[in-house]
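Structure first, then comments.
The values are calculated or read from the model by the stated rules, or taken from the named source; none is laboratory data. Given the structure is predicted, the values throughout are model-derived calculations rather than measurements. Here the Cβ is made from the backbone with ideal geometry for all residues, glycine too, and neighbour counts use every protein chain on show.
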Amino acid sequence: MKIDMKTFLKKNYAVFIFAFLFFLIGTENGGYQITLINITSDLQLTETVKGIVVAVQYLAILVVPLAFGSIADKFDKKKITLLFVLIFLAGCLVITFAYSTAVFVIGIFLVGSGIAIIQTLISAQLIDIYPASNSKKMTIAQIFYSLGAVLSPLIFDVLMKNGMSWRFVFTIIGIICIIGFIGYYFLDNHPQEKVFVDGVKQENKASEKDAKARLPWLYITIFIVLFLVYVGAETGLAYFISSFVDLELNEGLLAAGCISLFWGMQITGRIISVPLNKYKYVMLFTCLVGMSISIFLVGTSPNIYMTYIFVGMAGLFCGPIYPLITSIGISFAPQKSATVSGFYIASSGIGGMLIPIAVGSIGGQFNYRISFYALGAFVLIGVCSYAFFFFKSKRNRKLKIK
């Protein structure tokens, strides 16, 4: 069967652009993680203050989606996304010229604001543009997020070891942002596929009042908890594994490889999850349990080699979780996708803001082994919450997603 390349590109252009923007966020995430040691030294931060500085980005991720999620549902998701891509760029420029903690905090807050809206509205637009296949396309976008997070620590680590300032890392990220802005500007955000149930096309013409009346708040609340737990635990591990390797194992030179392995195994996990999408409910439960166990085991690592193994396991189990909880969680309210997505991203901001502070504080007061024991136990909250949802929703055939 001959494929019309022009039609294929038009239909999938949104996927390419969303994947690139997720690659941008992943690059910033990995770049921030690998530069954190240099930032700590340059700005003379304590371990507790370092946790607070990490949390500032997630404070933005908490606040901004709550303000703009419902606005985007009523107005234009594309225009608001463009605005916040520019705010992300402004944050990168501020950080490039940050020579004090206060200026750096302002810059990272702006970057976090951009990340918040990009994640919120891309998730919502994937539902709008690809109502039938958004789960697989979200996984593709998340693979590129992980790719950026894998490559950036390795590349930036080499560049910094050869004399490049950590500030120029954010200049490079800003250049990538400009490319993403141009590509997104030309996006056509109209639906590219239809949903059919038993051969009948679904139009999704429910009124806003009807959509509000049918929001299943119990399930939405459970997924709010899942986002908080997952992002908090992922952030706590990703941002402080370098401190663990440096302070507990005295292998600081190998920290970049550990961070990249974590994100690299997330790519593997997401690729594996694509053909298993029809088992998404069971797969999500398995990954949450595996994430909890793996993070706990990181704290037991006697040497760098076992740390690599356990961090790799954690990445493998973490990989599928975000696209799965996003796809399942937003499917509860397709008519209010940006609003519900905003709740989830804000919840992830709470987790990303509070858990790094806790991990850094425990690591500073005691050691990072205890931090990771506590972090692994913390994920059990998500396991229990999802187990409740899994068995309760199993009896409700309306929540079945094919």
Problem set entry | Matching option when the condition is closer than 15 Å to I224 by Cβ and out of contact with any Asp or Glu (no Cβ under 7 Å at 6 or more places or on another chain), among G319, G349, G312 | G349
Exercise. Taking helices (runs of 4 or more DSSP H) that fall entirely within region 259-350, which contain at least 3 residues that are among the small types (G, A, S)?
Worked result: 280-298, 304-318
For this session: Would you mind finding the one in Q33, Q44 that is under 22 Å from S165 (Cα atoms) and surrounded by fewer than 23 Cβ atoms within 10 Å (Cβ to Cβ)?
Result: Q44
Exercise. Does I220 satisfy the criteria of being more than 25 Å from I357 (Cβ to Cβ) and touching a Phe, Trp or Tyr at 6+ places or on another chain (Cβ under 7 Å)?
Worked result: yes
Exercise. Before we move on, is G26 within 26 Å of L147 (Cβ to Cβ) and crowded, with 23+ Cβ neighbours inside 10 Å?
Worked result: yes
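Residues are listed down the side, and each one gets a yes or a no for (1) modelled with pLDDT of 90 or more; (2) touching a helix residue (DSSP H, G or I) at 6+ places or on another chain (Cβ under 6 Å); (3) at positive phi:
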{"residue": "S301", "(1), (2), (3)": "yes, yes, no"}
{"residue": "I309", "(1), (2), (3)": "yes, no, no"}
{"residue": "S331", "(1), (2), (3)": "no, no, no"}
{"residue": "S341", "(1), (2), (3)": "no, yes, no"}
Seminar exercise, completed: Residues of region 173-231 being assigned to a helix (DSSP H, G or I), charged (D, E, K, R) and modelled with pLDDT of 65 or more, in sequence order, are none
Seminar exercise, completed: Residue hits (region 60-69; within 18 Å of the chain's Cα centre (by Cα) and surrounded by fewer than 21 Cβ atoms within 10 Å (Cβ to Cβ)) are V63, L66
For this session: Inspect region 63-74 for any residue being more than 30 Å from T339 (Cα to Cα), small (G, A, S) and in a helix (DSSP H, G or I) and give the result as yes or no.
Result: no
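For every residue, the table says whether it meets (1) out of contact with any Phe, Trp or Tyr (no Cβ under 8 Å at 6 or more places or on another chain); (2) surrounded by fewer than 21 Cβ atoms within 10 Å (Cβ to Cβ); (3) more than 23 Å from P323 (Cα to Cα); (4) touching a residue at least 24 places away in the same chain (Cβ under 8 Å).
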position	(1), (2), (3), (4)
A124	yes, no, no, yes
I129	yes, no, no, yes
L154	yes, yes, yes, yes
M160	no, yes, yes, yes
I178	yes, yes, yes, yes
Exercise. Any idea which of V103, V53, V49 is in a helix (DSSP H, G or I) and crowded, with 17+ Cβ neighbours inside 10 Å?
Worked result: V53
Problem set entry | Breaking point among (1) over 17 Å from the mean Cα position of the chain (by Cα); (2) at pLDDT below 90, for M138 | (1)
For this session: Test L83 against the criterion of being surrounded by fewer than 18 Cβ atoms within 10 Å (Cβ to Cβ) and touching a residue at least 60 places away in the same chain (Cβ under 8 Å), and give yes or no.
Result: no
Exercise. Of the residues I80, I39, which single one is assigned to a helix (DSSP H, G or I) and over 28 Å from A238 (Cα atoms)?
Worked result: I80
